[in-house]
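Take a look at the structure below.
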Amino acid sequence: MRPLLVAVALCSVLSTMAGGDRELRSPDGRTLIRISWAADLRWSVVHDGITVLDPSPIGMELADGRRLGTSPVFVKATETEVRTFITPPVAAKRKQIPEVYHELLLRFKGDHAVAFRAYDDGVAYRFITSFRDDSITIRNETARFILPASHPLIY
């Protein structure tokens, strides 16, 4: 019985190290963000069943040599739904602008995370760090946007 338990635990650890994937949908359900990680962190976007962004790598290289998004080791995922309002400092067409989105926060080893947001009319991501340093210097950022060759809007 013990060898089986050890084998199951080892498979669990190896699958976490090998990578993973998650999905996030917009509040209206029409937009889907797919996030995957193994050798690097990638995201793709599908809207109304049409792929608008093929799996595209994202990451950061810091001046001290740390690399966020390269060989990431997953720790925890947290999903939230936000329904609030933004009050612009200068009134536009309306006094308050609705801010509605779903957010997926993926935490990785090395005191960093990536937050993905799916709005009804757009998508976004941002890197978040909890380093002890007061400031960090970004040496390089990877933000490739690989568009599908078969997209109906690309000619």
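For the listed peptides 44-50, 19-25, 86-92, a ranking on the average number of other beta carbons within 10 Å per residue, highest first, reads 19-25, 44-50, 86-92. Take the Cα of Ala63, step 7 Å toward its Cβ, do the same at Asp120, and the gap between the two points is 4.4 nm. Enumerate the residues in the stretch 66-85 having an amide nitrogen under 18 Å from the point lying 7 Å beyond the Cα of Thr137 toward its Cβ. Residues passing the 18 Å test: 66-68.
Start at zero, step by 10 Å, and the Cα-Cα distances of the stretch 17-68 spread as 24, 42, 25, 8, 1 percent across the bins. Adding -39500 (n - 2.57) for every DSSP H run of four residues or longer, then dividing by how many residues the chain holds, sets the calculated 222 nm ellipticity at -3500 deg cm²/dmol. If you stretched the chain out fully between Arg22 and Ser150, how much longer would it get, using 0.36 nm times the residue separation minus the C-alpha to C-alpha distance? Result: 43.7 nm gained on full extension. According to the Kirkwood relation over distinct C-alpha pairs, the hydrodynamic radius of the chain is 17.7 Å. Heavy-atom accessible surface of the chain, averaged per residue, reaches 67 Å², computed with a 1.4 Å probe. A straight Cα-to-Cα reach below 20 Å connects Lys76 with the lysines Lys109, residues fewer than 8 places away in its own chain not being considered.
Here the Kirkwood formula puts the hydrodynamic radius of the stretch 62-134 at 14.5 Å, using every distinct Cα pair. Of the accessible area of the chain, computed with a 1.4 Å probe over protein heavy atoms only, carbon and sulfur atoms account for 55 percent.
Using alpha carbons only, how many degrees (0 to 90, rounded to 10) separate the axis of helix 2-18 from the longest principal axis of the chain? Taking Cα atoms only, the helix is inclined about 40 degrees.
The values are calculated or read from the model by the stated rules, or taken from the named source; none is laboratory data. Quick caveat: nothing in here was measured; it's all calculated off a predicted structure. When we count neighbours, we look across all protein chains shown, and the Cβ atoms used for this are built from the backbone with ideal geometry, even at glycine. Note: areas computed on protein heavy atoms with side chains; ligands, DNA, RNA excluded. Shrake-Rupley method; radii C 1.70, N 1.55, O 1.52, S 1.80 Å.
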